[in-house]
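The values are calculated or read from the model by the stated rules, or taken from the named source; none is laboratory data. Predicted model, so just to flag it, every value in this text is computed and none were measured. Cβ placement follows ideal geometry from the backbone for every residue including glycine, while neighbour counts extend to all protein chains displayed. Quick note on the areas: whole protein, heavy atoms, side chains included, nothing else; ligands and nucleic acids left out. Shrake-Rupley method; radii C 1.70, N 1.55, O 1.52, S 1.80 Å.
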Amino acid sequence: MGHKLTELKVENFKSIISEEFDISDYTPMVGYNNAGKTNILESIKWVLQKSTLKLNHFNNPEIPVIVTAKIDGITEELLANLNQGHRNRIEPFLDNETISIRRTQPLPNSTAAQIRLEVFNPQAAEGEDEWQPNPAGIDNAIKALFPDPIHIGAMENSEEDVSKFKTSTTIGKLLSEIIGPIEEQYGDQVRNALNGLKDILDADGQHRAPELTAFDEQVNGKLDAFFPDINIKVHVPTPELKEVFTKGTIKVYENQNEIGTDVSALGHGAQRAIQMTLIRHLADLKLNAGEQTTTTLLLIDEPELYLHPQAIEILRESLKILSTQGYQIIFSTHSPFMITEKDVANTILIRKNQQLGTHKRNSLKSAIPTVEQDAQHQLTLMFALSNSSNILFSERAILAEGKTENKLLPFLVNTISNRTLALNKCALVQQGGSGNTKKSMLVLNTMDLPCKAIVDLDYAFKHGVSDGFLQANDPDIAACIAELAILAPANGIVLDNNLPTNKNSSMSAAEAFALLAQRPNIQQNILNLKAKMQAQGIWIWTKGTIEKHLNINGKTEQVWARFTNDIETNGIEATLPNDHAEVRACINWVLN
């Protein structure tokens with residue numbers, strides 16, 4: 001897409017005390033009910049479309065509401081497509097294809113004249129105010145870039161959006177798309193019909209209806225007694241072609257009924273389905289559209305409301321199309337179906353408390369560079385964490401490295417706590433390997449999302465010291481390495497830098513660590529390592545791997561299915577007589 005809003009700062013608007021938001025082409029906002037997501041959408045609409053704010057729009061009625069927006073992508077090509085007047089208003093304030101605007105209302109119920117739209121002046125001289133108030137024509141120039149936003153609320157009736165022609169409604173946008181082709185194809189025919197109607201109903205029509213003429217004569221006969229020099233004629237104006245379309249609406253036909261009903265006769269679910277279907281059709285039309293000189297903001301509260309999962313996915317793809325075809329999509333959601341792996345990084349996490357009001361957590365996109373400076377490693381970390389959009393809808397996260405953990409931990413959580421991961425407000429994040437554990441934990445903590453990790457025993461030896469969780473001269477690590485040196489020759493285990501390796505070895509490195517874990521003389525050392533790592537938020541399996549604690553061999557669907565069936569049939573104590581306490585301890589630890 002071309003130009004768009006990229007940054008937003010909101011001050012004193014409803015539940016927002018002061019917060020800044022980064023905005024992309026397709027921006028999901030995630031947060032619990034009443035966190036203030038709708039207030040963010042309303043503030044975006046207000047900065048672009050002036051209206052008078054009332055008392056309930058002010059967080060503190062004694063100070064102004066201020067909303068600042070940065071618009072990026074105002075290229076020379078875009079300027080060339082604007083009319084000269086709008087171009088002249090915008091061009092002096094451009095800085096590297098960017099313009100910043102700020103709308104301010106000083107007090108509740110201020111007059112329209114008291115509401116200021118200021119523009120940042122990058123050419124301001126030293127000592128001069130960088131914000132220029134109310135430059136002539138700037139409101140209309142900004143409107144040329146951003147027409148009236150479409151704002152679709154969550155719980156409000158969808159009838160108006162799908163049945164009343166306005167520039168800000170979906171049906172209005174759709175009808176605007178088809179007016180041109182219809183006018184080109186049928187314009188002369190429709191105009192002839194309207195002219196014939198005009199000839200009958202117009203006050204000066206050539207073949208005026210005799211009933212209208214009779215009415216005129218009767219009234220004028222009575223009017224002559226009051227004003228002898230005045231005559232009147234009834235005039236019925238005939239609409240232009242475009243005016244006809246302003247009466248366009250939607251009729252609903254149910255069960256093959258030939259008589260259509262108004263959308264208002266339907267329930268909220270059906271209205272929402274029609275509304276989102278029209279948005280999808282608008283997206284399809286836009287795929288074939290030409291170059292856009294404007295960007296329309298589509299602001300939606302919970303677009304997934306009332307829709308089943310498959311419909312949500314179809315809607316998401318439609319909105320994604322629109323976000324590349326002259327629309328900027330900003331929406332609140334409670335559904336992970338609305339957010340793909342590519343969207344996780346740009347998703348805004350919204351929270352609210354008494355001290356900060358409505359505020360954002362760090363996004364994945366902003367958190368990762370603070371942890372990982374290398375760009376390629378950033379991409380790897382982003383991919384690993386973006387695989388789970390559930391982290392956006394949770395209050396804590398569990399990092400797990402193996403296939404078995406990711407397959408069976410949700411089942412074990414539900415079995416032991418009697419609540420699913422979702423009900424525990426917990427997300428399971430699959431890392432695909434333990435190497436990123438520390439960085440992933442730092443990223444999630446930067447996002448203000450508490451997390452813990454579950455890893456195999458070998459993590460303590462391979463990464464415990466390098467990641468800073470254990471001391472370089474840790475005595476328990478030293479004791480285990482000494483035991484490995486004794487264990488390796490007798491079992492054909494190849495060591496690399498004192499640790500088991502898969503290469504040319506009689507067993508895998510994981511099996512070698514599991515064998516080490518069985519040695520009686522280092523049991524206490526392993527328990528010591530477990531305690532040290534647990535204090536850092538990392539759980540290590542003292543038998544080497546989770547499979548050893550669950551008494552399963554293999555990592556296949558068949559093995560996992562047999563295990564879950566045994567637990568459901570016999571209970572966890574009978575299935576895991578020697579390990580159920582350890583498994584319970586792990587699950588209770590990650591959930592608390």
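Total residues in the range 557-580 satisfying the condition of being exposed (fewer than 12 other Cβ atoms within 10 Å of the Cβ) and not acidic (Asp, Glu): the figure is 8.
ASN134 meets all of the listed conditions (1) under 26 Å from ILE23 (Cα atoms); (2) open to solvent by 40 Å² or more (accessible area, probe 1.4 Å); (3) at pLDDT 95 or above but one, namely (3).
Please determine whether any residue of the range 45-53 is open to solvent by 10 Å² or more (accessible area, probe 1.4 Å), closer than 25 Å to ILE348 by Cα and within 20 Å of the chain's Cα centre (by Cα). Yes, that holds for at least one residue.
Quick one: in the range 508-545, of everything that is in a helix (DSSP H, G or I) and among the small types (Gly, Ala, Ser), which residue is most open to solvent (accessible area, probe 1.4 Å)? Ranking the qualifying residues of the range 508-545, first place goes to ALA535. Filter the range 1-42 down to residues that are open to solvent by less than 10 Å² (accessible area, probe 1.4 Å) and in a helix (DSSP H, G or I), then give me how many there are. Residues flagged as open to solvent by less than 10 Å² (accessible area, probe 1.4 Å) and in a helix (DSSP H, G or I) within the range 1-42 amount to 2.
Going through (1) out of contact with any Ser or Thr (no Cβ under 7 Å at 6 or more places or on another chain); (2) of a type in the set (S, T, N, Q); (3) open to solvent by less than 20 Å² (accessible area, probe 1.4 Å) one by one, GLN328 falls short only on (1). Scoring ALA225 on the criteria (1) in a loop (DSSP other than H, G, I, E, B); (2) open to solvent by 40 Å² or more (accessible area, probe 1.4 Å); (3) of a type in the set (Gly, Ala, Ser); (4) closer than 22 Å to GLU243 by Cβ leaves a single failure, condition (4).
Within the range 327-336, is even one residue at pLDDT 80 or above, out of contact with any strand residue (DSSP E or B) (no Cβ under 9 Å at 6 or more places or on another chain) and aromatic (Phe, Trp, Tyr)? Scanning the range 327-336, I find no residue that is at pLDDT 80 or above, out of contact with any strand residue (DSSP E or B) (no Cβ under 9 Å at 6 or more places or on another chain) and aromatic (Phe, Trp, Tyr), so the answer is no.
Condition check for ALA460 on (1) small (Gly, Ala, Ser); (2) closer than 20 Å to PRO336 by Cβ; (3) at pLDDT 90 or above: one failure, at (2).
Yes/no per residue for (1) buried (at least 18 other Cβ atoms within 10 Å of the Cβ); (2) outside any helix (DSSP H, G or I):
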| residue | (1), (2) |
| --- | --- |
| GLY433 | no, yes |
| SER440 | yes, no |
| ALA453 | yes, yes |
| LEU484 | yes, no |
| PRO489 | no, no |
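Within the range 412-421, the residues that satisfy the criterion of being within 14 Å of VAL590 (Cα to Cα), open to solvent by 40 Å² or more (accessible area, probe 1.4 Å) and part of a loop (DSSP other than H, G, I, E, B) are ARG419, THR420. For GLY468, indicate whether it is outside any helix (DSSP H, G or I) and touching a residue at least 12 places away in the same chain (Cβ under 8 Å). Yes, satisfied. Checking each residue in the range 187-221 for being within 14 Å of GLU240 (Cβ to Cβ), in contact with a helix residue (DSSP H, G or I) (Cβ under 6 Å, 6 or more places away or on another chain) and without any contact (Cβ under 8 Å) to a residue 12 or more places away in the chain picks out no residue at all.
For the range 96-119, the criterion of a residue being open to solvent by 30 Å² or more (accessible area, probe 1.4 Å), at pLDDT 90 or above and among the basic types (Lys, Arg) is satisfied by at least one position. Scanning the range 54-79 for residues that are part of a loop (DSSP other than H, G, I, E, B) and either among the charged types (D, E, K, R) or open to solvent by less than 20 Å² (accessible area, probe 1.4 Å) (or both) returns LYS54, GLU62, ILE74.
State whether one or more residues within the range 378-387 are farther than 29 Å from ASP148 by Cβ, out of contact with any helix residue (DSSP H, G or I) (no Cβ under 8 Å at 6 or more places or on another chain) and either aliphatic (A, V, I, L, M) or open to solvent by less than 50 Å² (accessible area, probe 1.4 Å) (or both). Within the range 378-387, one or more residues are farther than 29 Å from ASP148 by Cβ, out of contact with any helix residue (DSSP H, G or I) (no Cβ under 8 Å at 6 or more places or on another chain) and either aliphatic (A, V, I, L, M) or open to solvent by less than 50 Å² (accessible area, probe 1.4 Å) (or both).
Taking every residue in the range 74-86 that is farther than 15 Å from ASN140 by Cβ and pairing it with any residue that is open to solvent by 70 Å² or more (accessible area, probe 1.4 Å) and of a type outside the set (Val, Ile, Thr), at least 6 positions away or on another chain, the pairs with Cβ-Cβ distances below 9 Å are ILE74/GLU91; ILE74/GLU97; THR75/GLU97; GLU76/GLU97; GLU77/GLU291; LEU78/GLU97; LEU79/GLU91; ASN81/GLU291. The C-beta contact set for the range 507-533 (first residue without any contact (Cβ under 8 Å) to a residue 40 or more places away in the chain, second residue outside any helix (DSSP H, G or I) and acidic (Asp, Glu), distance under 8 angstrom, 6+ apart or interchain) is empty.
Evaluation of LYS45 against the conditions (1) modelled with pLDDT of 95 or more; (2) not in a strand (DSSP E or B) shows that the sole unmet condition is (1). The residues of the range 121-138 that are under 18 Å from TRP46 (Cβ atoms) and touching a helix residue (DSSP H, G or I) at 6+ places or on another chain (Cβ under 7 Å) amount to a single one, ILE138.
Does THR238 satisfy the criteria of being of a type in the set (Ser, Thr, Tyr), assigned to a loop (DSSP other than H, G, I, E, B), at pLDDT below 85 and over 30 Å from ARG272 (Cα atoms)? Considered against the rule, which asks whether it is of a type in the set (Ser, Thr, Tyr), assigned to a loop (DSSP other than H, G, I, E, B), at pLDDT below 85 and over 30 Å from ARG272 (Cα atoms), THR238 comes out as yes.
If you filter the range 388-411 down to residues that are in a helix (DSSP H, G or I) and of a type in the set (S, T, N, Q), you find that the one that is least open to solvent (accessible area, probe 1.4 Å) is THR404.
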